[in-house]
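The values are calculated or read from the model by the stated rules, or taken from the named source; none is laboratory data. Since we're looking at a predicted model, the values are computed, not measured. Quick reminder, even Gly has a Cβ in these numbers, built from the backbone with ideal geometry, and neighbours come from all protein chains shown. Accessible surface areas use protein heavy atoms only, side chains included; no ligands, DNA or RNA. Shrake-Rupley method; radii C 1.70, N 1.55, O 1.52, S 1.80 Å.
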Amino acid sequence: MNAQYPVARPRRLRRTAAMRRMVAGTRLHPAELILPMFVKEGIAEPQPVGSMPGVVQHTRESLRKAAHEAAEAGVGGIMLFGIPAYKDGRGSGADDPDGIVQVALRDLASDLGDALVLMTDTCLDEYTDHGHCGLLTADGEVDNDATLERYASAAVAQAAAGSRMIAPSGMMDGQVGAIRAALDGNGFAEVPILAYAAKYASGFYGPFRDAAECAPQFGDRSAYQQDPAGPIGEALREVRLDLAEGADAVMVKPALAYLDILRQVRDTVEVPVAAYQVSGEYAMVEAAAANGWIDRERVIMESLIAIRRAGADMILTYWATEVARGLS
């Protein structure tokens, strides 16, 4: 570049809203947004999540209404989480054909068809009485290999109920391969897997544990989720392992504090990359906006643009329907 000021004036391309819109290098589209949703068994009315203003634990009927609104807005998909009335040590509700997620999936599949992609979180923490993501050994450790069997069974149950994409989030070694084999062996070879490939043991998950009622009853998840200060290259290793086991797309979670990881993943792989704008990111913006400290709508869009610019093809965000309406 040879031209310098006063000949070179970058502000020329910023002078008007129309000019900025025309030259924008990063854009959002409603179809790139995925709405996480919670459905709870045994409630008569939607239950507000105190730490996530505007988010609720849905009844089956309110879930259907909210999913229809998301589809009308052009949202690309929903990610469904379930809260059963009964929990036990093996997370029995996860693969029960009459479990809350499977019942809700059948509702949504009947209502919406392929108007958007029905996606399901495949884990055990919402279903276990101890709140961990897998089965426990006698001394309280999460049993990786025994847990794989439960994930595989849950994935098959979800696919049979109408899930169009399985999203294993437990960070167990070998989870993608176990699920891929189970899906293929049960007639669901066409159902893709979105792997939570780089999922960190993050403090940003706090409000989610209120929404999904899945806080660990002891310890934490640091022994299976990634360390925020972990080895350089660990995230890419996890991603490559998941792809080798049959993942069709991969995810980085959380999003905003891990944009560097998101960029590394996007530059490395040739499959779609998702990022999850998690509950803590959402809650901080809503709380600051409620206090009048920030411009809510502007910050929401700026954060989503940052995630998109860092390389996300798809963004899970609790603002998906609201933002999709604005973009449309």
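Under the condition of being among the hydrophobic types (A, V, I, L, M, F, W, C) and out of contact with any Ser or Thr (no Cβ under 9 Å at 6 or more places or on another chain), which residue from region 141-151 is modelled with the highest pLDDT?
To start, the set of residues in region 141-151 that are among the hydrophobic types (A, V, I, L, M, F, W, C) comprises 142, 146, 148.
The next check asks that each one be out of contact with any Ser or Thr (no Cβ under 9 Å at 6 or more places or on another chain); those that pass are 142, 148.
Working: Val142: 94, Leu148: 98.
Of everything passing the filter in region 141-151, Leu148 is modelled with the highest pLDDT.
With Ala247, Ala255, Ala229 as the choices, which residue is over 16 Å from Met314 (Cβ atoms) and either touching a residue at least 24 places away in the same chain (Cβ under 8 Å) or among the hydrophobic types (A, V, I, L, M, F, W, C) (or both)? Explain how you work it out, then say what you get.
Values: Ala247 fails: over 16 Å from Met314 (Cβ atoms); Ala255 fails: over 16 Å from Met314 (Cβ atoms).
Selected residue: Ala229, the only one of Ala247, Ala255, Ala229 that is over 16 Å from Met314 (Cβ atoms) and either touching a residue at least 24 places away in the same chain (Cβ under 8 Å) or among the hydrophobic types (A, V, I, L, M, F, W, C) (or both).
In the set (1) more than 21 Å from Met37 (Cα to Cα); (2) within 14 Å of the chain's Cα centre (by Cα); (3) not small (Gly, Ala, Ser), Lys253 fails one condition alone, (1). Here Ile78 qualifies as open to solvent by less than 10 Å² (accessible area, probe 1.4 Å), farther than 30 Å from Phe218 by Cβ, within 19 Å of the chain's Cα centre (by Cα) and of a type in the set (Val, Ile, Thr).
Only a single item in (1) touching a helix residue (DSSP H, G or I) at 6+ places or on another chain (Cβ under 7 Å); (2) farther than 17 Å from Ala167 by Cβ; (3) open to solvent by less than 10 Å² (accessible area, probe 1.4 Å) is not met by Asp107, and it is number (3). Name the residue that is most open to solvent (accessible area, probe 1.4 Å), counting only residues in region 212-239 that are in contact with a helix residue (DSSP H, G or I) (Cβ under 8 Å, 6 or more places away or on another chain) and assigned to a helix (DSSP H, G or I). Selected residue: Leu236. For region 164-178, indicate whether the set of residues that are more than 24 Å from Tyr276 (Cα to Cα) and either in contact with a helix residue (DSSP H, G or I) (Cβ under 9 Å, 6 or more places away or on another chain) or without any contact (Cβ under 8 Å) to a residue 40 or more places away in the chain (or both) is non-empty. No, every residue in region 164-178 fails to be more than 24 Å from Tyr276 (Cα to Cα) and either in contact with a helix residue (DSSP H, G or I) (Cβ under 9 Å, 6 or more places away or on another chain) or without any contact (Cβ under 8 Å) to a residue 40 or more places away in the chain (or both).
Checked against (1) out of contact with any strand residue (DSSP E or B) (no Cβ under 6 Å at 6 or more places or on another chain); (2) open to solvent by less than 50 Å² (accessible area, probe 1.4 Å), Gly134 passes all but a single condition, namely (1). Among residues of region 244-295 being polar (S, T, N, Q) and in a helix (DSSP H, G or I), the one that is farthest from Leu194 (Cα to Cα) is Ser279.
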